[in-house]
Structures are given as structure tokens and as C-alpha cells.
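Q: One structure, as C-alpha cells, below. Some questions next.
The values are calculated or read from the model by the stated rules, or taken from the named source; none is laboratory data. Quick caveat: nothing in here was measured; it's all calculated off a predicted structure. Using ideal geometry, Cβ is built from the backbone for each residue, glycine included, and neighbour counts are taken over all protein chains shown.
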Amino acid sequence: MTAYANQEKADQRPFSPKEETMITRKHLLAGFTATILLGVSSAAMAQTTLRIFTGGQQRPDVMRKIADEYERRTPGIKVEVEVGGATSEQQQQYLNTVMASKDSALDVVLIDVIRPAQYAATGWAETLDSYLGAERDAVMARYLPAYREANIVGGKVIALPYFADAQFLYYRKDLLEKHGLQPPKTWDELKAGAEKVMKAEGNPNLSGFQTAGAPIEGTVCTYLVPMWGAGGGLTDAQGKLALGAEAAKRPFQLWADLRAANVTPSNLAEIPTDRIRQNFQAGNLIFGMTWGYVWNRAQGDPDSLVKDKVGVVPLPGFSANAAATCIGGWQVMVSAFSKNKAEAYKFVRYLSSPEVAKAQAIAASHLPVFAEVYTDPDVLKANPWFKDALPVVQTARSRPVTPAYPRVSEVIRTNMNAFLAGSKTADAALADMNRDLSPIFR
Ligand code: GLC
């Protein structure tokens, strides 16, 4: 087993299926007791069990609490939370099998923001327009535009947004202050700052900067962010592949430069998204390029060594105020094969409400999909950096929208990874990307 595969196993540990079943059982028991107290025989009540699939990184513990609240409010509904896959593309590999076999076991599925086009093309999503009815446009108008647009494919509502996301620069506030540094606005400042702190601290475990480098979904953004930041785009205005330009080479140059300065570790090619968080929480990282959920874990996990030592700002750019970032986020979809579609839809509406957006923001630092939740005082108390986060989410760029996204992702992430691992030159990686993406974007 490779180091990366081992790490993937470790990443799943906090949310093992056994623990999840225990949580579910405990809550079911609590619900059962409440039913008896109310003097209602459970046998007399018609019961529907909804099963929702979520990923280990999307805080299944918080989903469980939200589901508990929904059960309390909705007599006759029980919710089971199924957890799988440490990374976005691993979750999707599992879901591809479940959905392709038209399995009715799942009623609601959490999907990454890059997936609605694929779900629309395969027919795996129950389109929600008729359920939304006359309210459709008013409901959709409340979401941040990027999420409204991502979830409407070919005029049909494929899913509803659960939480927003974008990549930010996490930094060690205490170390930057100690060494008289401001959070960097450019990649050059980041490099110089990391070198200074690493030298002065003399701690061999302290790494300067990490972003995802393993052959996983997050590594697509490791390529796209500096490419966009250099003024490039994957495709031109006609949707044709446009990777030939100078900007397409900049990510390779940037990551090679940070490696040469020893600012990134030699094993960057083995680092998946959640490992950045683990390294940061262990106190072993100065700067990390990563997503919203990390704040809550770094502040709240009992084993975090960096509580109250964390800062979050927009990513640096090649020049100041020229940063780009990837938009992320997760949607809730009703399975086309569910036997409980009407009830599943109602649960999806609840999950995609401002109330749940607020609860998630506080319990998990999940960025809201409603603009007004960013200024909620309770949300800001839990996440002071949200006061500057909305413009970042609003200007974040989308990974390509296409039903062929799984292939697009594979081509970009495996080439970026091969370069970081030292097994391909930048020219070879770029040539292979051009060869394999041009049949898709032509
Ligand atoms: C975060 C983002 C998601 C992205 C993933 C990559 O979960 O929300 O959109 O694909 O990270 O690791």
C-alpha cells in the first residue's frame, strides 16, 4: 500500500462506520424515549426512514445533529446518515456504482459543486422544479448567484446548495507576529516569509506551505488557481481548450520555485486535502491553501495545537490584489431512485435553509450560501474572518462545468501530481493535458 493510500485510510478514521452507527443508535434511542414520554405508541405512527449520504470531510457529526432536529420537528421521519469516502472523487466513485445500479437505498446525496452537470446528464438526480412549484424562482433567487447557477443545469434544478466554499490562505498568526510579518499578498512574499520563519524557528517538522498535491480533486485547484492568477483560462470564449498560453506554465513554475526554496515539503505529491488540516493542527505548518472547514477544526478539535493562533485571508497572487481562488461547496440532491422522493425533497429544503446555513456556519465553519448569513452576529462570533469572506466566495472561479468533469479532473490532477512527484516534466505534463483535454473542449 502506498503512503498516500495509507493516509487515505487514516483520514477516514474519525468517522468510521462503526462510530457513525453508534451515534445514530444513540440518537434513535433518544428519539424513541421521547416518543414514549409523549405517550404515542411508535407502532401506531407511520414511519419513513430517509437515508442521506455524506463525505467524511463534510462533518457528518454536524449533519447528524441537523437530522436530529429535523426528526424532532417532523413526526414519522427518521434520518440515517451514511458516511463514505475521504475525498470528493472517492465519494463519487462509490456513488457512480450505487447510482448506475439504480439503487434505491439512498434518498438524499451530498454532491460537490462540480457534479450537477454529471447528475443532470445521467438522470440520477430527481429534478426539483415541480416540487418547488410556484416558489421556484423566489427560492433560487435567495442563494448566492454562483450556487444558483451551479445547481440549475439546462434550465432544471438538479440540487439545492448546502454550503459554500472557497480556498483561503490559513496562516499561523502567532508565528507571523513573532517574526514581524504581515500575512502575504503575493506568492513572493509568502516564500520570503516562510523562509524567514523556518530559518528562525529551526524546527525540522515545520513546513512553510502546503496545498493539495495527491492525485485527488483538490489538486485540480492546485493547478487552476495559479493559472487563473496569471491571467489564464482553461478554455477560451468559445469553450475551446486554451492551455497553450504562458499562463498554463505558471503553476508548474510556482510550485517548482517553492519546492526549490524548501518552502513546500518533498512529499507534497502525497498530501490530500485533509492532511493539510492535520499538519496545520499539529503545529507543523506556517501557511496552508485550503477550504473553510479547517477553521472550526483548528479552533475546536481537542487535539488542535493551534487554537487561537490561526489567521485566514484571501490567497496570495502573482501581484498584490490579483489573487484567484477555486469555488467549492456541497449540494443536496434527491436521488431519482429514492422511494421517498416527496419526503426527501422536504428534508432537502430544510438542509438548504438559512437556518441550517447558520447552524452549520457556527458548528463547522461551513460558508453560507445566503449573503445575509455572513453578517449574522452569532456566525461572526464563531468565525470572525467571515466578515471578509463573502467577496472571496463571490469572486471565486468555477472548475469547468461539463458532464465529462470526472475525466477533466482526472487529467488535470494526475498531471499536476506527476509533476509534483518528479515523475513528469512541466512540458510533458502540459503536453499530456493538452492531448487528453482537447477532445473534451473543442
Ligand atoms: C472542498 C470543496 C470542494 C472541493 C474539495 C477538494 O470540500 O468544498 O468543492 O472539490 O474541497 O478537496
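Q: Going by what's in this entry, would GLY213 be described as within 30 Å of ASP308 (Cβ to Cβ) and out of contact with any Asp or Glu (no Cβ under 6 Å at 6 or more places or on another chain)?
A: So GLY213 fits the description; yes.
Q: In this structure, is GLY329 touching a strand residue (DSSP E or B) at 6+ places or on another chain (Cβ under 6 Å), under 30 Å from GLU80 (Cβ atoms) and within 16 Å of the ligand (Cβ to nearest atom)?
A: Spelling it out, GLY329 is indeed touching a strand residue (DSSP E or B) at 6+ places or on another chain (Cβ under 6 Å), under 30 Å from GLU80 (Cβ atoms) and within 16 Å of the ligand (Cβ to nearest atom).
Q: In the list ALA342, ALA336, ALA320, which residue meets the criterion of being modelled with pLDDT under 95 and either within 29 Å of LEU169 (Cβ to Cβ) or more than 16 Å from the ligand (Cβ to nearest atom) (or both)?
A: Within the list ALA342, ALA336, ALA320, the selection yields ALA320.
Q: Here's something else I'd like to know. Since THR2 meets every condition but one in (1) at pLDDT below 50; (2) in the same structural domain as GLN118 (by TED's automatic domain parsing), which condition does it not meet?
A: Every condition holds for THR2 apart from (2).
Q: Among what's in segment 422-442 and is polar (S, T, N, Q) and touching a residue at least 40 places away in the same chain (Cβ under 8 Å), pick the residue that is farthest from GLY239 (Cα to Cα).
A: Per the criteria, the residue is ASN434.
Q: Can you tell me which residue within segment 305-351, out of those that are aliphatic (A, V, I, L, M) and part of a loop (DSSP other than H, G, I, E, B), is farthest from TYR143 (Cα to Cα)?
A: In this case the residue turns out to be LEU305.
Q: Looking at segment 36-142, what strands (runs of 3 or more DSSP E) fall wholly within it and have at least 3 residues that are under 18 Å from the mean Cα position of the chain (by Cα) and in contact (Cβ under 8 Å) with a residue 60 or more places away in the chain?
A: Once the strands (runs of 3 or more DSSP E) in segment 36-142 are filtered for at least 3 residues that are under 18 Å from the mean Cα position of the chain (by Cα) and in contact (Cβ under 8 Å) with a residue 60 or more places away in the chain, what remains is 108-112.
Results for (1) more than 22 Å from the chain's Cα centre (by Cα); (2) without any contact (Cβ under 8 Å) to a residue 24 or more places away in the chain; (3) not assigned by TED's automatic domain parsing to the domain that holds GLN92, shown as yes or no for each residue.
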position: ASN321; (1), (2), (3): yes, no, yes
position: SER335; (1), (2), (3): no, no, no
position: LYS341; (1), (2), (3): yes, no, no
position: SER353; (1), (2), (3): no, yes, no
position: ALA359; (1), (2), (3): no, no, no
position: ALA363; (1), (2), (3): no, no, no
position: LEU380; (1), (2), (3): no, yes, no
position: PRO384; (1), (2), (3): no, yes, no
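Q: Residues that are touching a Leu at 6+ places or on another chain (Cβ under 7 Å): find the helices (runs of 4 or more DSSP H) completely inside segment 367-442 holding 1 or more of those.
A: Filter on segment 367-442 gives 389-395, 405-420, 426-437.
Q: Conditions: (1) surrounded by fewer than 21 Cβ atoms within 10 Å (Cβ to Cβ); (2) at pLDDT 95 or above. PRO226 meets all but one. Number of the miss?
A: Here PRO226 clears every test but (1).
Here is a yes/no grid of residues against (1) within 16 Å of the ligand (Cβ to nearest atom); (2) within 30 Å of LYS387 (Cβ to Cβ); (3) at pLDDT 95 or above; (4) touching a Gly at 6+ places or on another chain (Cβ under 9 Å):
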residue	(1), (2), (3), (4)
GLY84	yes, no, no, yes
VAL109	yes, no, yes, no
LEU132	no, no, yes, no
ALA138	no, yes, yes, no
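Q: Can you pull out the residues in segment 240-274 that are assigned to a loop (DSSP other than H, G, I, E, B), within 16 Å of the ligand (Cβ to nearest atom) and among the aliphatic types (A, V, I, L, M)?
A: Once the filter is applied, which keeps residues that are assigned to a loop (DSSP other than H, G, I, E, B), within 16 Å of the ligand (Cβ to nearest atom) and among the aliphatic types (A, V, I, L, M), segment 240-274 yields only ILE271.
Q: Just give me the residues in segment 199-239 being away from the ligand (no atom under 16 Å from the Cβ), within 25 Å of the chain's Cα centre (by Cα), among the small types (Gly, Ala, Ser) and over 19 Å from GLN281 (Cα atoms), in sequence order.
A: GLY229, ALA230, GLY231, GLY232, GLY233
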